[in-house]
Every structure is written in structure tokens, then in C-alpha cells.
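Right, one structure below, let's go through it.
The values are calculated or read from the model by the stated rules, or taken from the named source; none is laboratory data. Keep in mind it's a predicted model, so treat the numbers as computed, not measured. Cβ coordinates were reconstructed from backbone atoms using ideal geometry, including for glycine residues, and neighbour counts include every protein chain displayed.
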Amino acid sequence: MSSSIRKVKTIDLELKDRLVSINRVTKVTKGGRHFSFAAIVVVGNENGIVGYGLGKANEVTTAIAKGVEDAKKNLIKVPVFKGTIPHEQTAKFGGAKVFLKPASSGTGVKAGGAMRAVLEGVGIKDVLAKSKGSSNPHNLVKATIAALIDMRDAYNISLNRGININKVFNG
């Protein structure tokens, strides 16, 4: 991951939450079976800010609420350029590998399940995405977030190199 993670404060943000998955966990004791739930949730303002969280509780609604609160603590800022991402990016978390590629206007979000929730939460309208390896939603969400953290826009590149922004495109 990049050393300059762009953390965001949750002051006056209109965040929308998306439930990625719910997992029912069973613990067998001598008194019988005890069920609890783990929910992974993605929140975003659909304008470049996204976060994910995991909530665990004995009821589904409580687990989702805890996941939303956890996601609000882990918000990041992502560069979105004309409704898509600025460049191709790959990332890996655990056994999940993701590949993101910018797409032309009108393409839509070509991604599955967990990746789609993250990309739509950011506000990306056109992107091509592929998940390779594990289809575990927890690892897919974390790998997608890792790929988005490593995204760099032209403005940041020009600042890092100490050159004019027009020089970034003309080489």
C-alpha cells in the first residue's frame, strides 16, 4: 500500500451504506447451538470517499449497524477522473487479487459483488474490474480498497515530481 493514505474526517458527509455480505457463525456448546452474525458493510458518498467495516453481533440489524460505524472510522479519499479511475491498477489481499481498468463513458461498472459495492460507493461510473483468486468477500473488499488507495491523479504526480501539470501528460 501507499505510504500516503488519504484519511478523511466524517464531518457533514452524506454517506450511503451498502451491505456486502452477512455470515452466520455457529458456536456449539453443551446447551445447544449459539448463532451470531458478521456483516461486512461499505459506506461512501459517491464522490470519491469510501470506507469498509465489519460488525459482529447476535442479531443481523445490530451487526449491520456496527459495521456502518466501523466503516465510518476507516474512510479514504480516492481520485475519480471523469467518472472513472485515472489508470490501471492491481492489488492483492490474502488470496484475492483484483484488477481495475479505466473505461470510456457509458461503459458502466463491470464488476462483481463485493468489488461493485466498493466501486459504486466511491462514485465510479465506468470501470472494468476483474477478480482473480479467492472470491471471499472480506478479502475482495480489502483488495479493492488497497487498489484504490494506490491510485494517483495527475495533480499529485506533478506535486511529487515538482513539475507543471501539463508536463505530466507531455512527458
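Condition check ((1) in the same structural domain as TYR155 (by TED's automatic domain parsing); (2) crowded, with 16+ Cβ neighbours inside 10 Å) across all residues:
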{"residue": "VAL68", "(1), (2)": "no, yes"}
{"residue": "THR90", "(1), (2)": "yes, no"}
{"residue": "LYS97", "(1), (2)": "yes, yes"}
{"residue": "ALA103", "(1), (2)": "yes, yes"}
{"residue": "GLY112", "(1), (2)": "yes, no"}
{"residue": "LEU119", "(1), (2)": "yes, yes"}
{"residue": "VAL122", "(1), (2)": "yes, yes"}
{"residue": "SER135", "(1), (2)": "yes, no"}
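Scanning the stretch 5-43 for residues that are modelled with pLDDT under 90 and either outside any loop (DSSP other than H, G, I, E, B) or loosely packed, with under 10 Cβ neighbours inside 10 Å (or both) returns LYS7, LYS9, ILE11, ASP12, GLU14. Being in contact (Cβ under 8 Å) with a residue 60 or more places away in the chain, under 10 Å from VAL98 (Cβ atoms) and either β-branched (Val, Ile, Thr) or in contact with an Asp or Glu (Cβ under 7 Å, 6 or more places away or on another chain) (or both) is the filter here, so list the residues in the stretch 142-171 that pass it. Listed by number, the list holds a single entry, ILE145. Kindly indicate the residue of the stretch 148-171 that is touching a Ser or Thr at 6+ places or on another chain (Cβ under 7 Å) and within 25 Å of LEU75 (Cβ to Cβ) and also modelled with the lowest pLDDT among those meeting that condition. Among those that are touching a Ser or Thr at 6+ places or on another chain (Cβ under 7 Å) and within 25 Å of LEU75 (Cβ to Cβ), it is ASP150.
Do we have GLU46 as assigned to a loop (DSSP other than H, G, I, E, B) and either touching a residue at least 40 places away in the same chain (Cβ under 8 Å) or crowded, with 18+ Cβ neighbours inside 10 Å (or both) here? Yes; evaluated as a whole, the condition is true for this residue. Of the candidates PHE99, PHE81, PHE35, the single residue that is under 25 Å from LEU15 (Cα atoms), among the aromatic types (Phe, Trp, Tyr) and over 11 Å from the mean Cα position of the chain (by Cα) is PHE81.
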